[in-house]
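The values are calculated or read from the model by the stated rules, or taken from the named source; none is laboratory data. Here the structure is a predicted model, which is why all the values come from computation and not from measurement. Virtual Cβ from ideal backbone geometry, glycine too; neighbours counted across all protein chains shown.
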Amino acid sequence: MNMPAVALRGLTILPGMIAHFDISRERSLRAVEEAMEQDQKIYLVTQRNVDSEDPTQEDLYQMGIVADIKQVVRLQNDVVRILVDGISRAALLGFTGNEKYLEAEICYCDSNADSLPEDLREAMLLGVREAFHRYAAVIGKISKELIRQIDQYEDLEKLIDYVTNNLPVSYELKQQVLEAEDINDRYQVIVSLLLSQVEVISIKNELQKKVKVRVDKHQKEYVLREQLGVIREELGENADSEADEYEKKLSELDAPDYVKEKTKKEIKRFRNMSSSSSESTVERGYIETVLELPWNRMSVDNKDLDHAAQVLDDDHYGLKDVKERILEFLAVRNLTSKGESPIICLVGPPGTGKTSIARSIASALEKKYVRISLGGVRDEAEIRGHRKTYIGAMPGRIVNGLRQAGVSNPLMLLDEIDKVSSDYKGDTSAALLEVLDSEQNCRFRDHYIEMPVDLSEVLFIATANEVSGIPKPLLDRMELIEVSSYTENEKFHIAKEHLVEKQKSKNGIKKEQLTITDGALKDIIRLYTREAGVRSLERTIGKLCRKAAREIFKDSEAAVKVTKTNLKTYLGNPKYSPEKKNDHAEVGIVRGLAWTSVGGVTLEVEVNVLPGKGELVLTGKLGDVMKESAQAALSYVRSISEGYGIDAEFYTKHDIHIHIPEGAVPKDGPSAGITMAIAMLSAITDRAVRADVAMTGEITLRGRVLPIGGLKEKLLAAKVIGIKTVCIPKDNEKDLEEISKEITDGMEIVPVERFSQVEKIAFVK
C-alpha cells in the first residue's frame, strides 16, 4: 500500500513510542499535510546519512514505522513540529513517482510472537527482564516506576519495543532492533545491546575509580585554594571578607548546633565561589536569611490579665463573651509551657473587629505582632517556601513572619484562613496543618531553610468569615470563638467612642471643630450603612469628616455641627430606606429570616397559585439547597391537604409560583423551609398570614422543624423591622441564653418542633 512518508534524520521511532520532531523540507511538509487530510497516518523511515537533503531509497533504512500524527505545531522560520505515536513496523518497498511529496510503497510486517511455544516465550520475557535489571543496577539512574512497568509486561514484542524506547543509546542501535523482523532476532539484538551497555558502563566506572584513587585529595585542595586565592586577588573580589563577616555573625548567633553546623558549611561553600556567579547570589541570600532568623531569641510576655482586660476594653466596645473567652485562653496559656494552648480562630462577619482583636491581644501581651493575609493564597510554597535551587527562591510566609518579628515567640495572625485554596501547585490548607499542630510545629520544615524551625512558641490566631470554607482537618486544630454581628446600639457606642475620634484625627480635624450629634450618628447607622460589622460605618464617618475638613480649611475659625436635619447635605440621599414589616396581614406573603456573610436579613416569601399543569416555579435567584427545601415544603403541604378539604387533583390543575424579591441577590440554605411551607399553605387555602410574625427553620417531609445557624443575626434583623413574634426551631432554644436582652426584649420568641405549631401562630385567627 502507498502512504505519505517523511525521512527522519538522527531519530528512530519504534512501536508504542510517542515522539516529536521538527521538519522544514518542503516535500516533508507536503507529506504531513497530505496525511492530515487522509487518516493522519504517516510512514517514518530513518536516513542512513543525516546530511542527505533529498534522500533516495538507497539513503534510507529498509525498515520504518507507520505512525499516527497527534499534533502539528507551526514554529518560526517555516519550521513545523510534529507529535507522533508509533503504531506498527512496515518495510519500505520503494517510492512512487509523486513529485509533490514523498510517497512510499510499504508492506506491514507480521510478528511471529504468537507462534512461539509458551515456555520459550516465557524464557525470552525472563531473559529481557534480567538483562534490563543488570543494566539498571549498573547505570543507577533508572526509576523504580520504569522497572515496575517492565516487570508487568506480558507481551514479548511490546516489552522489547518498550525497553528499546527507554534506552539512552544512538538511533543506529535502536534501528537494529527495528530492522529485526523475526521475534527471535529481535530478542537477540535487544539482549546483546543491554549486555554490551552493561560492559561499557562497568569499564567506565572502573576507570573512574582508578583515577580517583590516584588523586591526592589534600594536595588537590591545597593547589586549588592557592590558585583560587591568586585569581580573586587579580579580580579584586572580596568574597573572603564577606565570608569572614558571616562567620563572625554566626559565632554570635544564638541557635541550635545543627543550624550552626549547616550554616558553617554554606559559608565555606560561599567562600569558594566566584562573587559574580548567580550561584553565589543564591548562597548569599540563603546565609543572610538564616543569620537573620530569631532562632532562640524571645521576648518576655506580660502575663497580667488585668492589663489584658483593660487593653481589650479600651480598644473594643461590647463583645463581652469574646473578651471573656480570650482572657480564659490567655490564662491557660500562662499556666502551660511551650505554647501548648489551643489555637483560636475568630469567626464572624466582615468588619466585626476580628483583626483588631488579635492586634489588641498582641498589645496586651506586649508581643511582636505579625499579620499574614491568606486570602486567595493558592500555592503551597507560600507557606512552606521554595527550594533554594529555584530561581527567585524565598522562604514561606511563616518563616518570613518570624524574620520580620525578630523574635521566635510573636503573635502571628493568619487572616482569612477560610479563603485559602488549592491548585496544581499543592494544597495550601494541608501545609497549614503542620503549622497549626502543636505536636508537629516544633520541627516545622521550610523548603528554603531546609532545617527544622521551632514554631511552638508562636501564638497563632486565625480569622475567618465562615467555617464552611475551612477544611475539616484544619478546623479540628483550632478552637472557634464567634465574633457575632453588632446591634444598632453597639454600633452607636463604637462610633461615638472610637470611630468618630479616630477619623477626626486621621483627617486633621481638632475635637472642637466637628460635632456629630447622637441623632445624626443613629441615622448614619440606620440609613447609610447596612452591615454586620462597622467597616462601612467607619468609611461613611470618614467621608463626613472629609466634607467637614473642606469647610474648615476655607474658614479656619469654622466649627461644623452635623445633625439629623443637615446630614443629607454632607452624605447625600440615604442609601437605604428603613425596612419595615408589612402593614397588614396578606395571603401568600410570609416573612422569613436568613443569615448571610454580612449579617442577618429578612426574606419576604411570596406564593401565588395559578391554573396550570401542576408545576412548581421558583424565582429570585435561589440556590440548589433552597430549591430542594421548596420541593420538600410542597411535598409536606400536599401530604396534609386532605385535612384542609383540598381536592387531590388540585395540584395537577394548578401551578405554584414561589418568588423571593431582590432577584439579583443569590439566596441559599435550608432555613426558609417552614417559611415557604406556610406561604404555600396560605396561598392554597386563601388564609392570611400575620404581618408581625417571622420564622426560620428547616422542614422535613414529616413536618418536623430542624435547627438552623446564625440565630443572633436573624433575630437582630427581625428586631430592626419591628417584628413582634419569631418562630425558631426548638433545638435552637439553648442559643437564646447567649443572645443579649437588648435584642430579645419586646419580641415573643416561640420555639417550635412541628409545622402545626407554626401554623397556629402564623395564621390570622
(request) May I ask you to list the residues in the range 141-170 that are closer than 22 Å to residue 188 by Cβ and assigned to a helix (DSSP H, G or I)? (result) 150, 151, 156, 157, 158, 159, 160, 161, 162, 163, 164, 165
(request) Give the range 752-765 a look and list any residue that's surrounded by fewer than 17 Cβ atoms within 10 Å (Cβ to Cβ), at pLDDT 90 or above and outside any helix (DSSP H, G or I), or say none. (result) 753, 754
(message) Among the residues that make up the range 496-508, is at least one of them touching a residue at least 24 places away in the same chain (Cβ under 8 Å), assigned to a helix (DSSP H, G or I) and aliphatic (A, V, I, L, M)?
(response) yes
(message) Just checking, does the range 352-361 include any residue being more than 28 Å from the chain's Cα centre (by Cα) and at pLDDT 85 or above?
(response) yes
(request) With the condition kept exactly as written, say whether any residue in the range 559-581 is over 21 Å from residue 508 (Cβ atoms), small (Gly, Ala, Ser) and either out of contact with any Cys (no Cβ under 9 Å at 6 or more places or on another chain) or surrounded by 14 or more Cβ atoms within 10 Å (Cβ to Cβ) (or both). (result) yes
(request) May I ask you to say which residue of 547, 472, 491 is over 28 Å from residue 360 (Cα atoms) and in contact with a Ser or Thr (Cβ under 9 Å, 6 or more places away or on another chain)? (result) 547
(request) Test residue 714 against the stated conditions and say whether it is in contact (Cβ under 8 Å) with a residue 60 or more places away in the chain and within 23 Å of residue 482 (Cβ to Cβ). (result) yes
(request) Take the residues in the range 604-624 that are within 14 Å of residue 592 (Cβ to Cβ) and of a type outside the set (D, E, K, R), then tell me which one is surrounded by the fewest Cβ atoms within 10 Å (Cβ to Cβ). (result) 620
(request) From 533, 588, grab the single residue that is surrounded by 21 or more Cβ atoms within 10 Å (Cβ to Cβ), modelled with pLDDT under 85 and not aromatic (Phe, Trp, Tyr). (result) 533
(request) Just need a number here: residues in the range 426-451 that are within 30 Å of residue 265 (Cβ to Cβ), touching a residue at least 24 places away in the same chain (Cβ under 8 Å) and touching a helix residue (DSSP H, G or I) at 6+ places or on another chain (Cβ under 8 Å). (result) 11
(message) Can you report the number of residues in the range 300-316 which are at pLDDT 85 or above and either closer than 18 Å to residue 449 by Cα or touching a Gly at 6+ places or on another chain (Cβ under 9 Å) (or both)?
(response) 0
(request) Could you please let me know if residue 670 is surrounded by fewer than 21 Cβ atoms within 10 Å (Cβ to Cβ) and not small (Gly, Ala, Ser)? (result) yes
(message) For a quick check of your reading: which strands (runs of 3 or more DSSP E) sit entirely within the range 529-636 and have at least 1 residues that are over 26 Å from residue 688 (Cα atoms)?
(response) 560-562, 589-596, 599-611
(request) With respect to residue 522, determine if the residue is more than 26 Å from residue 347 (Cα to Cα), of a type outside the set (Ser, Thr, Tyr) and touching a Phe, Trp or Tyr at 6+ places or on another chain (Cβ under 8 Å). (result) yes
(request) Select, from 387, 378, the only residue that is out of contact with any helix residue (DSSP H, G or I) (no Cβ under 7 Å at 6 or more places or on another chain), surrounded by fewer than 16 Cβ atoms within 10 Å (Cβ to Cβ) and touching a residue at least 40 places away in the same chain (Cβ under 8 Å). (result) 387
(request) Kindly list the number of the only condition in (1) surrounded by fewer than 17 Cβ atoms within 10 Å (Cβ to Cβ); (2) modelled with pLDDT under 90; (3) touching a helix residue (DSSP H, G or I) at 6+ places or on another chain (Cβ under 6 Å) that fails for residue 715. (result) (1)
(message) With crowded, with 20+ Cβ neighbours inside 10 Å and either within 23 Å of residue 635 (Cα to Cα) or touching a helix residue (DSSP H, G or I) at 6+ places or on another chain (Cβ under 9 Å) (or both) as the only criterion, which of 749, 739, 708 stands out?
(response) 708
(message) Residues to consider are 765, 734, 724; find the one that is farther than 16 Å from residue 671 by Cα, over 41 Å from the mean Cα position of the chain (by Cα) and free of Cβ contacts under 8 Å to residues at least 24 places away in the same chain.
(response) 765
(request) Select the helices (runs of 4 or more DSSP H) contained entirely in the range 321-416, then report the ones holding at least 1 residues which are of a type outside the set (Phe, Trp, Tyr) and more than 24 Å from residue 429 (Cβ to Cβ). (result) 354-365
(message) Scan the range 27-41 and tell me whether some residue there is farther than 17 Å from residue 99 by Cβ, touching a helix residue (DSSP H, G or I) at 6+ places or on another chain (Cβ under 8 Å), assigned by TED's automatic domain parsing to the domain that holds residue 104 and crowded, with 20+ Cβ neighbours inside 10 Å.
(response) no
(message) With the requirement that a residue be of a type in the set (D, E, K, R) and under 29 Å from residue 352 (Cα atoms), what does the range 381-426 give you?
(response) 382, 397, 415, 416, 418, 419
(request) Go through the range 92-122 and give me each residue that's surrounded by 13 or more Cβ atoms within 10 Å (Cβ to Cβ), small (Gly, Ala, Ser) and either farther than 30 Å from residue 26 by Cβ or free of Cβ contacts under 8 Å to residues at least 60 places away in the same chain (or both). (result) 111, 113
